[in-house]
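J.: Below is one structure. I have some questions about it.
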Amino acid sequence: MCGIVAYVGNRQVTPLLIEGLKRLEYRGYDSAGLAVVNDEGIHVGRSVGRVSVLEAMVNENGGFNGTLGIAHTRWATHGAPSEPNAHPHGGVTHEGHRIALVHNGIIENYSTLKKYLIKKGHTFESDTDTEVLSKLICELYQGDIEKAVQAALREIDGTYGIAVVCDREPHTLICARKGSPLIIGVGENSYIVASDAAAIISHTSQVITLEDHQVAKLCAGPEDKLGDGGPWAVQFKTTTVDNIPVTPEVTQLDFDLEQIELHGFNHFMQKEIYEQPEALRNCLRGRLDHRDGRVVLGGLSRYSRELIRAKRFILSAQGTAYHAGLIGEFLLEDLAKVPARCEYASEFRYRNPIIEPDSVAIAISQSGETADTLAALREARDRGALALGVVNVVGSTIARETDAGVHLHVGPEIGVASTKAFLGQVAVLTMMSLYIGKRRFLSDEVVRSYITELDQMPGHIERVLEQFDHIRACTEHCIDRDNWLFLGRGYNYPVALEGALKLKEISYIHAEGMPAAEMKHGPIALIDQGMPVVFVATQGSQYEKVISNIEEVRARGGRIIAVATEGDERITQYSEDVFYVPAVPEALQPMLTVIPLQVLAYHAAVLRGHDVDKPRNLAKSVTVE
Ligand code: F6R
């Protein structure tokens, strides 16, 4: 949830840390801080608010010169957003040496450890669990920071991604992880560590992904200080927390810096909305075999027999990914004819679920790091299910912990509000359903026709996006309204949920999504003159029923905004505003109907003057439960 950047090398560290933090701001941003080590000791700067506030403070105060440093953007969990609670945290060892530490994750046994450390004479300045870890390292320090970190981590229950420095070892950076991502970029004469590849990619594409329970010791300095290599030497060592050596694997990052910059768009969300046709082409590339009329999913081929035999699919996810999972539930039952249920991962993991033999669990996640989704996946796998992942970030924890899976290949998603990842998730679940369906009950002809239709979807999305300005004009009419409803049926019911989530998370307008028929069972009482009610009302098996629901709302004064099928003139009699999408089979409609709702939410947030890419209280990747 929070972001970490750390560096040891031969360049001035402060500008590197600030640049890295800015790239990570989207992960969490109520406060930020850094610590730089030089001959005079450790210099710590912390501030509440954006990284630019920290940058100004550091520039004003000076003293932050050095080639070793750690930095952090925080999203509060233990303790309010405040300067004392911002990272880095630190402490003083028995011999008077200072250490500083940044941490992502949660130390679950922090209160027991805190009592112990207070008895040992340590005092605390913050309300955070992180400070407990920093003091524990000080308590256990006996002249070797690597050993002290290992010893402290052996006492910790919970999750961590950490970077630690000590003024007695001014060329050494220690980092470690358990349950929170941490990547080490291997540069020339340097190492850069970050919780997210976005902070590394401008320096190097060679990376080591630290595994759970691993500790890395990274050193860089003049050769006389390290006793190795040329005039500037670097050293690298990885162990477990029990000090057993580990041989790390260096891999290549699979995206470049250009992909994560704005390219003339005002916001990442806007850019990512517009990237969707291309993102979908990339997601589908090489997976639709027109000649043989089949879907090719290399990631699943080892398990095709288990998938054909499967008696039940359990999909789990959170937020937008959960809505994609609900569509996956329809797709698997409709196309693959296999029972499927989508659940909130956070509920599934704690409800002692019954997993029958021949069950397949699918974890859906853009980041691949969502704590609840990961835990649900582990729960299902431990109870005997085949564990599959539908994940965007290659090398993420969920991607690595599954038996098999399918990557989205939609490119990095920077905007906090998920758009192109949702599209990719639905596209992958569609392909998975066809892949399984073809091996079960679907005729070759039906699979072929879906493949042809899927191929045309990127072009259809381009057509929907031509209404970008029209959607803005319609949004303006209702921008002063504080309560909205989003309604749909069948495949478009999860789209209604997603439309409501998008609107509330970035515009802070209260919105509810639900099945259109459910409205009569209570929520209809909310409808008053001019209340915006968005109907996903495309032509399909339930079109007439949706029209009846629209009439019920109109009769009570609601203002109807419809997402409808191109050529549907009738809908204009019932609606103030219509956003059209091309006609496609019902199973493929969500990939189109969601687009105008993303655009609507985007315009609403901009019109209300909010920071679209950094909505309040939200972070991109929720690595705490
Ligand atoms: C909403 C949004 C969140 C995420 C959710 C799961 O726009 O982005 O609801 O969908 O936090 O995140 P991932 O997909 O990374 O597991």
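J.: Counting only residues that are open to solvent by 10 Å² or more (accessible area, probe 1.4 Å), among the β-branched types (Val, Ile, Thr) and within 14 Å of the ligand (Cβ to nearest atom), how many does segment 586-622 have?
T.: Qualifying residue count for the region: 1.
J.: Scan Val578, Val495 and give me the residue that is among the β-branched types (Val, Ile, Thr) and within 16 Å of the ligand (Cβ to nearest atom).
T.: Checking each option against the conditions leaves just Val495.
J.: Also, quick follow-up: Please go through segment 388-404 and pick out each residue that is more than 14 Å from the ligand (Cβ to nearest atom) and surrounded by 24 or more Cβ atoms within 10 Å (Cβ to Cβ).
T.: Passing the criteria: only Leu388.
J.: Counting only residues that are open to solvent by 10 Å² or more (accessible area, probe 1.4 Å) and farther than 21 Å from Ser621 by Cα, which one in segment 351-380 is farthest from the ligand (Cβ to nearest atom)?
T.: Per the stated criteria, the residue is Pro357.
J.: Among strands (runs of 3 or more DSSP E) lying entirely in segment 517-585, which contain 2 or more residues that are crowded, with 21+ Cβ neighbours inside 10 Å, in the same structural domain as Glu498 (by TED's automatic domain parsing) and of a type in the set (Phe, Trp, Tyr)?
T.: Those strands (runs of 3 or more DSSP E) span 577-581.
J.: Which ones in segment 29-70 are crowded, with 22+ Cβ neighbours inside 10 Å and hydroxyl-bearing (Ser, Thr, Tyr)?
T.: Listed by number, the residues that qualify are Tyr29, Ser31, Thr67.
J.: Next question. Report every pair of residues separated by at least 6 positions or lying on different chains whose Cβ atoms are under 7 Å apart, first residue within segment 190-201 and touching a residue at least 24 places away in the same chain (Cβ under 8 Å) and within 13 Å of Val234 (Cβ to Cβ), second charged (D, E, K, R) and open to solvent by 20 Å² or more (accessible area, probe 1.4 Å).
T.: The qualifying pairs are Ser190/Arg11.
J.: If you take the residues of segment 448-489 that are assigned to a helix (DSSP H, G or I) and among the acidic types (Asp, Glu), which of them is most open to solvent (accessible area, probe 1.4 Å)?
T.: Asp469
J.: Right, here's the next one. Residues of segment 405-434 being open to solvent by less than 10 Å² (accessible area, probe 1.4 Å) and either more than 30 Å from Lys22 (Cα to Cα) or away from the ligand (no atom under 16 Å from the Cβ) (or both), which ones?
T.: Answer for segment 405-434, where residues must be open to solvent by less than 10 Å² (accessible area, probe 1.4 Å) and either more than 30 Å from Lys22 (Cα to Cα) or away from the ligand (no atom under 16 Å from the Cβ) (or both): Val406, Val426, Ala427, Val428, Leu429, Thr430, Met431, Met432, Ser433, Leu434.
J.: While we're here: Which count do you get for residues in segment 4-60 that are under 20 Å from Val612 (Cβ atoms) and either over 28 Å from the mean Cα position of the chain (by Cα) or not assigned by TED's automatic domain parsing to the domain that holds Thr73 (or both)?
T.: Matching residues across segment 4-60 total 0.
J.: Whether any residue in segment 307-324 is touching a residue at least 60 places away in the same chain (Cβ under 8 Å) and surrounded by fewer than 17 Cβ atoms within 10 Å (Cβ to Cβ) is what I want to check.
T.: Within segment 307-324, one or more residues are touching a residue at least 60 places away in the same chain (Cβ under 8 Å) and surrounded by fewer than 17 Cβ atoms within 10 Å (Cβ to Cβ).
J.: Do you know which residues across segment 116-141 are open to solvent by 20 Å² or more (accessible area, probe 1.4 Å) and small (Gly, Ala, Ser)?
T.: Listed by number, the list holds a single entry, Gly121.
J.: Moving on. Please go through segment 476-520 and pick out each residue that is of a type in the set (Gly, Ala, Ser) and either within 19 Å of Ser418 (Cβ to Cβ) or touching a Pro at 6+ places or on another chain (Cβ under 7 Å) (or both).
T.: Gly488, Ala496, Gly499, Ala500, Ser507, Ala511, Gly513, listed by residue number.
J.: What number of residues within segment 154-164 are modelled with pLDDT of 95 or more, open to solvent by 10 Å² or more (accessible area, probe 1.4 Å) and either in contact with a Gly (Cβ under 6 Å, 6 or more places away or on another chain) or not acidic (Asp, Glu) (or both)?
T.: 1
J.: Among the numbered conditions (1) out of contact with any helix residue (DSSP H, G or I) (no Cβ under 9 Å at 6 or more places or on another chain); (2) in contact (Cβ under 8 Å) with a residue 60 or more places away in the chain; (3) hydrophobic (A, V, I, L, M, F, W, C), tell me where Ala399 comes up short.
T.: Just one mismatch for Ala399, condition (2).
The values are calculated or read from the model by the stated rules, or taken from the named source; none is laboratory data. Because the structure is a prediction, the values reported are computed rather than measured. Every residue, glycine as well, gets a Cβ built from its backbone with ideal geometry; the counts of neighbours run over all protein chains shown. The accessibility values were calculated without ligands, DNA or RNA, using every heavy atom of the protein model including side chains. Shrake-Rupley method; radii C 1.70, N 1.55, O 1.52, S 1.80 Å.
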